[in-house]
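Please treat every number below as a calculation from the coordinates, not as lab data. All of these numbers come straight from a predicted model, not from anything done at the bench. Positions of Cβ are generated from backbone atoms using ideal geometry, with glycine treated the same way; all protein chains shown enter the neighbour counts.
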Ligand SMILES: *Cc1c(COP(=O)(O)O)cnc(C)c1O
């Protein structure tokens, strides 16, 4: 194995990273995106390192009981099967205690042998108190005090660990979401020492920190942004750090988004619409857009990998060549799709006894089970769905997704979907993870997406589907505003974004009606009666959306627009 790059120039900080389907160090889209980013960075030979927490007990293992009610178990996993323990120890002061941290290294290898090391921070050391040993155990578990302690380990601990590991001179720090914002304070502290008077920071120091930091925001609603009451922040950070640059005085709170915004020269949202929405939330800050992507080779199912290898031999190195999918014969696209679909149908039947049929139009929906994603929207009018199935052709639905342990509405939604099995052909696969996502996104005929706009910052599972020629049927929100060409790459739910601008309950009825209309008039007739037209849509899905919504294109944009690493290389700086 090649050595990780000692001259790394970009440090990517993220609370979750989906490194390997068997490592429970991610919860959902944010972590999968972080993993895909690092995989593409490794492919491209970008001199990057990743920093995250170890999450020894993981994001939970989901069980569903006979009624579809979710319960959670910690994930048992053998850390040393996936990462190597490193020697250095650093410490971070939390609530006046000195908490010791070590790191585990997991290497991500790229296409041509370059690697990106990811450092997983761990406080489970005998030197620490029993409680401190648990700080890096659970991802998004515990209360806000636990969360803030974790963010101390990520921001201050991660920075100290990079120095201890010899990565002293980073050119850019990338904060993937506000969880990493305390890194800004760590950088300020490193620049002025620990004796700043009254927390005042000279403007040129802030300017220097801003020059180094890039911040990607992922949430379009203020409630989704991390905030901590000032008393809690003082208790955990200590008064000196809290006073640095008035960090804890954003309307009486420590607001991670504002801290990251103030500390970063380049800020971006994760799709065009999301960049605009974020800018309207924080009008004082210029906010750019870099639309998310997915790691093409990881998300193309084996039959599609083989198909691309035969027809587009450069596609692994150059995802622009997916554009030429337009010339792949339709029969071969269909054969590859059929192969991917059989794997899924067999798995659904084995796992749930749902009696799925390989010839039936199969619609997929899998993502975090949370209210705004509206997973049960398609069941708004069950009788209408039954009528469609009886008159045009049968339908079957496959679902998956975990609700956050404290999200009661999310759990109710799972139970509601689960309960549909008596009336329609519905399967709910438990314990959604990257392995299941691979199977689902490639194996269904149509990928359904029904978020309440403008809540879906981007969404990436539809991009995974597109890598396999699976078109989306989606509300116009997030990435779909850019990826949608009606009847060419899939279908919209609602003709225009404005059509359903009413309070949420009416919007639900409005979107449901639009969804049934589209199924009735376009999707189902196309699938059952104009198979060649359907395959044509699959082709355009790959050529237009697969070629663009990938992390190779996305990382290129970060290099040029955010890190400005390309200029540096050219200028020899
Ligand atoms: C891709 C992925 C997601 C994100 O899906 P969205 O459509 O962005 O909500 C969540 N969980 C897993 C396991 C994934 O693979």
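So what is the relative contact order for the chain, in percent, with contacts set as C-alpha pairs under 8 Å and at least six apart?
14
Residue 351 to residue 521: FRET efficiency via 1/(1 + (r/R0)^6), r the Cβ-Cβ distance, R0 35 Å, to the nearest 0.05?
Result of the calculation: an efficiency of 0.60.
Between the stretch 163-192 and the stretch 506-562, how many Å separate their Cα centres?
Between the Cα centres of the stretch 163-192 and the stretch 506-562 lies a distance of 39 Å.
Run through the DSSP bridge list for the chain and note the antiparallel percent, rounded to the nearest 5.
Among the beta bridges of the chain, antiparallel pairing accounts for roughly 35 percent.
Relative to the first principal axis of the alpha-carbon coordinates of the chain, what is the inclination of helix 434-443, with its axis defined by its Cα atoms, in degrees from 0 to 90 and to the nearest 10?
30
For the stretch 296-549, what does the relative contact order come out to in percent, with C-alpha contacts under 8 Å and a separation of six or more?
In percent, rounded to a whole number, it is 24.
Per residue and in Å³, how big is the convex hull formed by the alpha-carbon atoms of the stretch 145-257?
106
Between helix 330-352 and the chain, what is the angle of the helix's C-alpha long axis to the longest principal axis, kept within 0 to 90° and rounded to the nearest 10?
Orientation of helix 330-352: about 80 degrees from the principal axis.
Round to a whole angstrom and tell me the spacing of the C-alpha centers of the stretch 425-463 and the stretch 60-108.
26
Which of rounded, prolate, oblate describes the stretch 115-184, given a ≥ b ≥ c as roots of the alpha-carbon gyration tensor eigenvalues and a/c under 1.5 marking rounded, otherwise prolate only if a/b is larger than b/c?
Oblate is the answer for the stretch 115-184, as a/c is 1.5 or above yet b/c matches or exceeds a/b.
What shape does the stretch 1-121 take by its C-alpha gyration tensor, where a ≥ b ≥ c are the square roots of the eigenvalues and a/c under 1.5 counts as rounded, a/b above b/c as prolate, and the rest as oblate?
Cα axes put the stretch 1-121 in the oblate bin.
Report the gain in length on full extension from residue 391 to residue 249: 0.36 nm times residue separation, minus Cα-Cα distance, nm rounded to one decimal.
Length gained between residue 391 and residue 249: 45.0 nm.
Okay, helix-only estimate at 222 nm for the chain: each DSSP H run of n ≥ 4 adds -39500 (n - 2.57), divide by all residues, round to 500 deg cm²/dmol; what do you get?
-10500 deg cm²/dmol
Taking the mean number of other Cβ atoms within 10 Å as a proxy for protection, how do you rank 515-521, 369-375 from highest to lowest?
Put in order of decreasing packing, that is 369-375, 515-521.
By its C-alpha gyration tensor, with a ≥ b ≥ c as the square roots of the eigenvalues, how is the chain shaped: rounded for a/c under 1.5, else prolate for a/b larger than b/c, else oblate?
Prolate.
If you count, for each residue, the other Cβ atoms within 10 Å and average over each peptide, how do 330-339, 288-297 line up from highest to lowest?
Packing proxy ranking, top to bottom: 288-297, 330-339.
For helix 182-192, report the angle its Cα long axis makes with the longest principal axis of the Cα atoms of the chain; keep it between 0 and 90° and round to the nearest 10°.
Taking the Cα atoms of the chain, the angle to 182-192 is about 30 degrees.
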